[in-house]
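Read-outs throughout are calculated quantities, based only on the coordinates presented, and are distinct from any laboratory measurement. Values in this document were obtained by computation on a predicted structure and should not be read as measured data. Please note: Cβ atoms are built from the backbone with ideal geometry, for glycine as well, and neighbour counts cover all protein chains shown.
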Amino acid sequence: MKCDQVFATIQARIDRSNYDSAYRNLNKYIIQEQASLDEIYEAYLCPCPPACECRKHLCRLHWRLRGNVTFPQFRDAFLRMFVHRFFHAGAIQALDLDRIGSGRLGGVASTLLHIHDNWPSLFKNAVSWSGTLLCTNWQDEFWRQEWSAYDKSVYWAKQWAMLLPDTCVPYDSASRVAIRECTGGAPPGYFEMLDRLRSHLIDLLNREGGTVMDFRELDAPGRAGLHFDHASIALPHLGFPYSYDYLPVHRPLSRVIDKFFYSPVTSRLLKANAGTSSSAFSGSPGQCSFSTLSGTGSLVNWSRQAHGYHVEWGGSKFTLTFAQIEVILDEFFPAGCDWKKLGASETDPPPDGLGRFLSDRFTGFTPRHASAIATILVHEQLIDFHGKKPILLRRIDE
Ligand SMILES: [Zn+2]
Ligand SMILES: [Zn+2]
């Protein structure tokens with residue numbers, strides 16, 4: 001990732017993020033994002049004095065949480081935007097039962113529990129907060145205090161971005177690397193990271209001579225060509241008057257900055273495979289088609305069914321059920337585990353690889369199935385991957 005970006009390269013990266021989130025997996029995150037913007041936020045006129053840093057960049061509006069949002073609405077908006085739809089019911093149940101383990105849903109559920117338990121003060125301070133990351137007064141004692149609590153889960157930063165959509169920035173494990181590259185290796189302290197991102201953004205606007213409104217417009221999800229189809233909204237609130245397009249055109253800073261540090265899985269695949277990858281993709285609705293993580297062999301095709309994914313790969317057809325995915329994520333990728341091997345060799349699978357785990361744990365799978373299953377889990381953003389020989393896999397929520 002290069003840090004000397006200009007608006008044109010940032011826009012291309014954001015377009016790529018929106019395109020991938022429209023078609024790369026079956027979640028259609030740009031639709032979830034628009035639904036959440038509609039439901040819990042509002043844009044309002046910039047209230048800052050002329051001397052504020054935001055006004056120097058011709059700021060006209062800010063975003064904030066609406067004054068009538070309830071915790072369940074906030075919870076659903078959060079899950080929809082950042083958590084695979086496959087996990088929504090489990091996360092809500094864990095929260096309702098106060099059963100926050102260290103397992104697969106630990107990071108999401110403990111973050112949501114923190115918000116739930118502190119909702120009155122978080123909500124009051126979020127609704128009354130009028131700053132943006134660009135403003136001269138971009139933080140105060142209350143938020144500095146909140147941000148000082150560290151949690152290694154990536155959901156921890158996402159909660160601040162959900163509460164303060166114009167001030168805070170979410171990240172995942174890949175974008176955190178990109179953010180660090182652009183901020184002189186900013187330490188994990190969240191305040192310090194935001195402070196350096198803020199300087200980076202101000203430098204960019206000064207260099208480009210663009211306004212903050214121009215910057216907000218760099219994120220235009222409609223360019224991905226996917227209609228804002230209400231039927232695709234996860235956890236929809238029945239009767240809510242969702243909009244009919246990706247509006248307004250001036251997006252919250254957290255959304256724009258999140259996408260600006262997007263690290264596309266396909267370019268990481270190309271990098272990992274040093275040009276040998278033939279990562280192909282078909283955007284037909286309800287169907288995903290990609291080459292395997294090694295970039296060789298047949299394309300893996302999958303579509304969502306009621307209980308799992310129907311998979312077609314190299315002449316074979318099989319079902320990967322959601323229950324099997326839960327077992328894989330819980331047992332093969334327990335909380336705190338390090339990178340694990342793919343290990344898809346049919347003849348000599350390493351004992352600690354996913355291939356061996358699949359053949360030992362389930363009937364009908366051989367170590368070779370790990371190639372197709374890992375590809376699906378990576379593209380569905382359920383796990384992350386790294387390297388070529390060996391290919392390594394990891395949980396995504398840490
Ligand atoms: Zn402003
Ligand atoms: Zn301001």
Discussion item. Every residue in the range 59-90 that is under 21 Å from R394 (Cβ atoms) and either over 20 Å from the mean Cα position of the chain (by Cα) or surrounded by 22 or more Cβ atoms within 10 Å (Cβ to Cβ) (or both), please.
Written reply: F82, V83
Item to complete: Would you point out the residue of the range 301-347, among those that are in contact (Cβ under 8 Å) with a residue 60 or more places away in the chain and of a type in the set (F, W, Y), that is surrounded by the fewest Cβ atoms within 10 Å (Cβ to Cβ)?
Response: F322
Worksheet item: Pairs under 6 Å by beta carbon, first residue more than 13 Å from Y242 (Cα to Cα) and of a type in the set (D, E, K, R) in the range 36-54, partner more than 12 Å from ligand 2 (Cβ to nearest atom) and assigned to a helix (DSSP H, G or I), six or more apart or different chains?
Response: none
Discussion item. Of everything in the range 190-210, what is over 22 Å from R395 (Cα atoms) and within 20 Å of the chain's Cα centre (by Cα)? Give them in sequence order.
Written reply: M193, L194, L197
Worksheet item: If you take the residues of the range 138-156 that are surrounded by 14 or more Cβ atoms within 10 Å (Cβ to Cβ) and closer than 23 Å to P50 by Cα, which of them is farthest from ligand 2 (Cβ to nearest atom)?
Response: Q139
Worksheet item: Taking the stated definitions as given, is D166 among the acidic types (D, E) and buried (at least 23 other Cβ atoms within 10 Å of the Cβ)?
Response: yes
Worksheet item: Restricting the range 22-67 to residues that are among the aliphatic types (A, V, I, L, M) and away from ligand 1 (no atom under 12 Å from the Cβ), which is nearest to P252 (Cα to Cα)?
Response: L37
Practice prompt. Restrict the check to the range 24-33 and report whether at least one residue is touching a residue at least 12 places away in the same chain (Cβ under 8 Å) and over 14 Å from the mean Cα position of the chain (by Cα).
Written response: no
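In this structure, does T296 turn out to be closer than 27 Å to S21 by Cβ and either without any contact (Cβ under 8 Å) to a residue 40 or more places away in the chain or outside any helix (DSSP H, G or I) (or both)?
Yes, satisfied.
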